[in-house]
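Asks: Just dropping this structure here.
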Amino acid sequence: MQNAKATFNHFNVNVVDLEKSIDFYKKALGLEKIGGIDAPDGSFKLVYLGDGRTGFKLELTWLRDKVGAYNLGDNESHLCMSVDGDYAKWREFHKQMGCVCFENLEMNLYFIEDPDGYWIEIIPPRK
């Protein structure tokens, strides 16, 4: 195990309204559905979203018996995405969507908030 390495596969967020979340991630970040699992008894649904370029997946989990919003604690953990193209246009687009929840202009980053309150850090394209 000394030389073995793990690789990233996916990141999970639990959601209250699965379709609303799928629509948000498609509109805000261009993520597409690439798979999913429906429990035979209807107790949960998993939807995997991808960016079409990397193998990394965002897993949205819907639980039938969950009532109310999720407690995100201090919401200190987050997903980070690098956007391509004109970074200023992305920020303006997200502002028009009304989902920008925090900006740090000195560090050239901002955060958007999904329908369940999860924060996604947005950074410029890698050079």
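The values are calculated or read from the model by the stated rules, or taken from the named source; none is laboratory data. None of these values were measured; they are calculated from a predicted model. Don't worry about glycine lacking a Cβ; one is built from the backbone with ideal geometry, like all the others, and counts go over all protein chains shown. Ligands, DNA and RNA are excluded from the accessible area calculation, which covers all protein heavy atoms including side chains. Shrake-Rupley method; radii C 1.70, N 1.55, O 1.52, S 1.80 Å.
Asks: Let me confirm something: among TYR87, TYR48, which residue is closer than 18 Å to LYS26 by Cα, touching a His at 6+ places or on another chain (Cβ under 9 Å) and open to solvent by less than 60 Å² (accessible area, probe 1.4 Å)?
Replies: Of the residues listed, the single one that is closer than 18 Å to LYS26 by Cα, touching a His at 6+ places or on another chain (Cβ under 9 Å) and open to solvent by less than 60 Å² (accessible area, probe 1.4 Å) is TYR48.
Asks: Can you tell me how many residues within region 90-127 are farther than 20 Å from ASP23 by Cα and not in a strand (DSSP E or B)?
Replies: 8
Asks: Is region 54-70 home to any residue that is surrounded by 12 or more Cβ atoms within 10 Å (Cβ to Cβ) and in contact with a Lys or Arg (Cβ under 6 Å, 6 or more places away or on another chain)?
Replies: Scanning region 54-70, I find at least one residue that is surrounded by 12 or more Cβ atoms within 10 Å (Cβ to Cβ) and in contact with a Lys or Arg (Cβ under 6 Å, 6 or more places away or on another chain), so the answer is yes.
Asks: Which numbered condition in (1) under 23 Å from PRO124 (Cα atoms); (2) of a type in the set (Ser, Thr, Tyr); (3) open to solvent by 40 Å² or more (accessible area, probe 1.4 Å); (4) touching a residue at least 24 places away in the same chain (Cβ under 8 Å) is the only one that TYR25 fails?
Replies: (3)
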